[in-house]
Structure formats: structure tokens, C-alpha cells
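What follows is a single structure, written as C-alpha cells, with notes after it.
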Amino acid sequence: MALPSVWSEMRVGILFLSVLGLLSARLVGAGQDSGSVIPAESRPCVDCHAFEFMQRALQDLRKTAYSLDTR
């Protein structure tokens, strides 16, 4: 008769820990979102970042090609 009560206590404990974990994860996520939001108007768009990256990559390729030509 001791086994059914142990299993029921374990189920209640697991359920309690699961609910507690979900609540703490939700609170941590809510705390990180507030206060650090940058307005969209002041952020460069993704296309601008990609364009700048491609420009730098092309400059690096030109430098590498020039250094290989001078050798």
C-alpha cells in the first residue's frame, strides 16, 4: 500500500516543479525584454548591414588580389 502513495506524491512533486519552472522562465524572459528596446527608426535595416558587409568583403578581396599581383 505504500507504493501508490509514493507514486502520487512523486506525480504531485513533478507537476509542482514543472509549474514552478515555467513560471520562473516566464518571469526571467519578461525581465530581459524591458528597458533595452531600440526604436526601429534608429536601427539600420538588415539590407544596410548586408550591404556594408559585402562592401567590406569586396575591399578585402581587392586588397588580397592586389597583394597577390604584386608578388
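Values quoted throughout were computed directly from the atomic coordinates according to the rules given, and no laboratory measurement underlies them. No experiment lies behind these values; they were computed from the predicted model shown. In this analysis, Cβ positions are derived from the backbone assuming ideal geometry, glycine residues included, and neighbour counts consider all displayed protein chains.
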Spin-label point model (7 Å from Cα, Cβ direction): what's the Ser24 to Ala57 distance in nm?
4.3
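Round to the nearest 0.05 the FRET efficiency obtained for Val12 and Val37 when R0 = 35 Å and r is the Cβ-Cβ distance.
On the way: r = 40 Å, r/R0 = 1.14.
Working from the Cβ atoms, E equals 0.30.
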